[in-house]
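Taken together, the values in this text are just the output of simple stated rules run on the coordinates, not laboratory data. All figures in this text were calculated on a predicted structure; none of them were measured in a lab. Backbone-built Cβ (ideal geometry, glycine too); neighbour counts: all protein chains shown.
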Amino acid sequence: MKKLPLLTPRKASLIDLETANKLFAEIMQLGIPFGYQQANCHNISHYIRTFLESKGYQCGKIWAFAPVVYSMNSSRLITFVDKKNVSPTGKIDWGYHVAPILQVRIGNKVRKMVIDPGLFPKNIVRYRTWLAKLRTRKLIYLIMDSEWYLYNSSMITNSQIQYNSNDFSEPIKPNVQLPDWFSDKLITDFFKYEEEALEQHWIEKGLAINETAMAFYNAEIKPILHCKKQLDLLNDYKMLVGNVFNFETIFRDNNWNYEMDDHFQFKHQNIIAKYREIYFLNLQKWQESLASINETILLKKRKK
């Protein structure tokens, strides 16, 4: 397991354990949909990061990458049992995982503590405890400034990429300077929450997807999980909700794919219409929530 500390010195707030626990309790009251673990950890993490900033604190982020993400020679994922039994395969697979990280003074030491209620719903945990929970061989991780929203990857390694816009201009530098040992990795850079991501409300859409999926699970899937007479319907619902790509295709993108084809969508048109409306209500809620948090941050900056 290799690490890369890219956390700018003194940029992340140094807080005591009591403050950290208080912030964790406040985060648990925000209604963030931690229960749907199929996807959107980056959106949840950035929402929490923004909330912490509105409270006057800066966090970092810890990123964990499975070999399937950074290497062409492995298909190994972060894999664990889906305890809700909503996934068609019975497993949840991640190529990567990310969570906010706090610098917490405990006694005479400073500990890096992770906020990840999806994996640890009771409290913050040491980052090594968090990494151990992922249980993936050849995992690599980065501890970074929290401003980086998501990473870029490529089909070729860093050493093969030429950062030139054209033959006559200065080289285009990546946003994050990765170390030499990253030269054979497919993770090439990171980017901030701006431009297309900001304009298209990626965070709010991610949170709305997860919340809508949880609503679907609780109302439609959970009651028939052990009903043999409803097995065909259950399998269809699992294919829809348990596979986040299918769920996003239907509700976020209003589109289709080879599983969510015309036949499937016609067959389940009523339930899709119902939850499409729920999705847009959730989206509006998260847009208003994030706008309110950003307004608080802006007001604090104006007072300085």
Rounded to the nearest 10 degrees, the helix 202-216 long axis (Cα) sits at an angle to the longest Cα principal axis of the chain of 40
XL table Lys133/Lys303; Lys83/Lys109; Lys83/Lys267; Lys55/Lys83; Lys274/Lys300; Lys133/Lys192; Cα-Cα > 32 Å flagged, in table order, is Lys133/Lys303; Lys83/Lys109; Lys55/Lys83; Lys274/Lys300
The alpha-carbon center of region 25-52 and that of region 179-219 are separated, in whole Å, by 12
Along the dipole axis of region 199-303 (charges at Cβ: +1 for Lys and Arg, -1 for Asp and Glu; origin at the Cα centre), the most positive-end residue among Thr212, His268, Ile293 is Ile293
Ranking Tyr57, Gly242, His201 by how far each Cα lies towards the positive end of the charge dipole of the chain (+1 on Lys and Arg Cβ, -1 on Asp and Glu Cβ), the top one is Tyr57
Phi-derived 3J(HN,Hα) across region 265-278 with the Karplus relation (6.51, -1.76, 1.60, θ = phi - 60°), rounded Hz, x for Gly and Pro, is 5, 5, 4, 10, 4, 5, 5, 5, 4, 4, 7, 5, 5, 4
If every Lys and Arg gets +1 and every Asp and Glu gets -1 at its Cβ, then about the Cα centre region 1-132 yields a dipole, in debye to the nearest 20, of 480
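Return the FRET efficiency for the residue pair Gln269, Asn218: r is the Cβ-Cβ distance, R0 is 30 Å, and the value is rounded to the nearest 0.05. Walk me through the intermediate numbers first.
Details: r = 21 Å, r/R0 = 0.71.
Computed FRET efficiency for Gln269 and Asn218 comes out at 0.90.
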Mean Cβ-within-10 Å packing, highest first, puts peptides 127-137, 113-123 in the order 113-123, 127-137
For region 25-152, the percent of all C-alpha pairs falling in each 5 Å bin, from 0 up to the bin holding the max distance, is 2, 10, 19, 23, 22, 13, 7, 3, 1, 0
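Given +1 on the Cβ of Lys and Arg, -1 on the Cβ of Asp and Glu, and no further charges, what dipole in debye does the chain carry about its Cα centre, rounded to the nearest 20? Present the calculation step by step, with values, prior to reporting the outcome.
Values: 41 positive and 31 negative charges, 360 e Å.
With Lys and Arg at +1 and Asp and Glu at -1, about 1720 debye.
Just want the ordering: Ile140, Ile44, from fewest to most Cβ atoms lying within 10 Å of their own Cβ.
Details: Ile140 22, Ile44 26.
By the 10 Å Cβ count, ascending: Ile140, Ile44.
Can you compute the FRET efficiency between Asn235 and Phe280 using 1/(1 + (r/R0)^6), with r the Cβ-Cβ distance and R0 = 22 Å? Round to the nearest 0.05.
Numbers: r = 27 Å, r/R0 = 1.22.
With a Förster radius of 22 Å, E is 0.25.
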extent check for the chain: Cα max minus min per principal axis, descending, whole Å, gives 58, 50, 38
